[in-house]
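**Q** What follows is a structure written as structure tokens; I'll ask about it next.
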Amino acid sequence: MADIATPTRTKDIIRKHGFTFKKSLGQNFLIDKNILDKIVEAAGLSASKGALEIGPGVGALTERLAQEAGRVAAIEIDNRLIPILKDVLAPYDNVAVVHADVLKTDLRLLWQERFAGTDGVSVVANLPYYVTTPIIMRLLEEHLPLENIVVMVQKEVAERMAAKPGGKDYGTLSIAVQYYCEPELVCIVPSGAFMPAPNVDSAVIKLARRPAPAVSVTDEERYFRVVHAAFAQRRKTLNNNLAAFVGKERKGELGAVLEGCGIDPARRGETLSLQEFALLAEGLAKAEL
Ligand code: SAM
């Protein structure tokens, strides 16, 4: 049978099951086989590895994952898609379709149940764009034992994830992603690769999990609180944003910490590297600010 990721087969499946797209669930299905090849290749799957897919839709990517990985779990929120997935994935005995909201699923338990004994797990997905950031943050912050994340996201979001200090794209998402992973842009994807075509361009990005975080900090939570504080109002200087964080009455001590770290208080958060943020977070903690 033809691959699902073609306009004709996808149309056939949709017609056969009387399926209608829900924009509110970010339903734009991939119909370009070449893009699927790039996604699967970037994940580096093999028969001893596992793959977690978020939002399988009508199974275009799931089918490819079933062919390349040893075990696949696919979490889909839309109950109308569950019988369709059972039908189209019937030839594969290594796929478990889970009907759930990925943001409410116990992913650690899923890992134990589905991926115990595998040689590494990739998260591979064409993400629903309305929840991209919460999904990525959840995957990163839960410290799940995953090897890499290869996802289709809105092009601007991919650019933010991979951004270096100094530009308008660099912010809390860049720092969170780069703290845990090394990002690599795989390809830009035009809207014509999807059915229906979205209004925005997309990109595939690979986030390779680092063996240890990019910088060493004593208190991770505090590090990210400082990062968020520095970006509270993008146009404000570090001095002003951080004064709101430590309390105006301690502005003098804040100035001393910044000076001790060799960071000009007139700089903006968007110019600081992950290392400088680490230095700053440690300095503030030492001064009990
Ligand atoms: N993987 C398919 C493909 O590439 O053709 C479909 C991708 S489509 C962009 C996103 C999918 O995520 C849809 O099937 C949608 O129903 C599902 N979805 C949306 N929100 C979800 C959530 N919170 N948890 C799990 N799946 C979700």
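All of the numbers you see were taken from the coordinates with simple rules; none came from a lab. Everything quoted here is computed from the prediction, not taken from an experiment. Virtual Cβ from ideal backbone geometry, glycine too; neighbours counted across all protein chains shown.
**Q** Report the gain in length on full extension from Leu185 to Tyr129: 0.36 nm times residue separation, minus Cα-Cα distance, nm rounded to one decimal.
**A** Stretched fully, the Leu185-Tyr129 segment lengthens by 18.4 nm.
**Q** Relative contact order for the stretch 7-209: what percent, with Cα pairs under 8 Å and sequence separation of 6 or more?
**A** Reported as a whole number, the value is 22 percent.
**Q** Now, a different point. Let's test the formula: R0 of 35 Å, r as the Cβ-Cβ distance of Gln233 and Val200. What FRET efficiency results, to the nearest 0.05?
**A** 0.85
**Q** How would you classify the stretch 220-287 from its alpha-carbon gyration tensor, with a ≥ b ≥ c the square roots of the eigenvalues: rounded for a/c under 1.5, else prolate if a/b is greater than b/c, otherwise oblate?
**A** rounded
**Q** Moving on. When only DSSP loop residues count, what trypsin sites (Lys or Arg not before Pro) in the stretch 150-208 have their Cβ near at most 16 other Cβ atoms within 10 Å?
**A** Those satisfying the criteria are Lys168.
**Q** Another question, then. Grab the Cα-Cα distance for Asp87 and Thr20, subtract it from 0.36 nm times how many residues apart they are, and report the gain in nm with one decimal.
**A** 22.4 nm
**Q** In nanometres, what is the gap between the two model label sites at Gln67 and Ala214, each 7 Å from Cα along Cα-to-Cβ?
**A** Result for the modelled spin labels: 3.5 nm.
**Q** Which residues make up the longest stretch of the chain clear of GluC sites (Glu not before Pro) that lie in a DSSP loop with no more than 13 other Cβ atoms within 10 Å, not counting the sites?
**A** 143-287
**Q** Of Gly120, Leu144, Ala176, whose Cα points farthest to the positive end of the dipole of the chain (charges on the beta-carbon: +1 Lys, Arg; -1 Asp, Glu; origin at the Cα centre)?
**A** Ala176
**Q** Here's another thing I want to ask about it. Which net charge results for the neighbourhood of Val200, defined as the other residues with beta-carbon distances under 11 angstrom from its beta-carbon, given Lys and Arg at +1 and Asp and Glu at -1?
**A** Neighbour charge sum, excluding Val200 itself: -1.
**Q** Taking 7 Å along the Cα-to-C-beta vector as the label spot, tell me the Lys286-Glu259 distance in nanometres, rounded to one decimal.
**A** Output for this residue pair reads 1.5 nm.
**Q** When Thr20, Thr105, Thr118 are ordered from fewest to most other Cβ atoms inside 10 Å of their Cβ, what list results?
**A** With the sparsest Cβ surroundings first, the list reads Thr20, Thr105, Thr118.
**Q** Tell me what the chain gives for mean residue ellipticity at 222 nm when only DSSP H runs of n ≥ 4 count, each as -39,500 (n - 2.57), the sum divided by the residue total, rounded to 500 deg cm²/dmol.
**A** After summing the helix terms and dividing by the residues of the chain, the value is -12000 deg cm²/dmol.
**Q** Can you give the charge dipole size of the stretch 7-209 about its Cα centre, rounded to the nearest 20 debye, using +1 on the beta carbon of Lys and Arg and -1 on the beta carbon of Asp and Glu?
**A** 460
**Q** Tell me the net charge near Gly171. Cut-off is 13 Å between Cβ atoms, Gly171 excluded, with +1 for each Lys or Arg and -1 for each Asp or Glu.
**A** The answer is +2.
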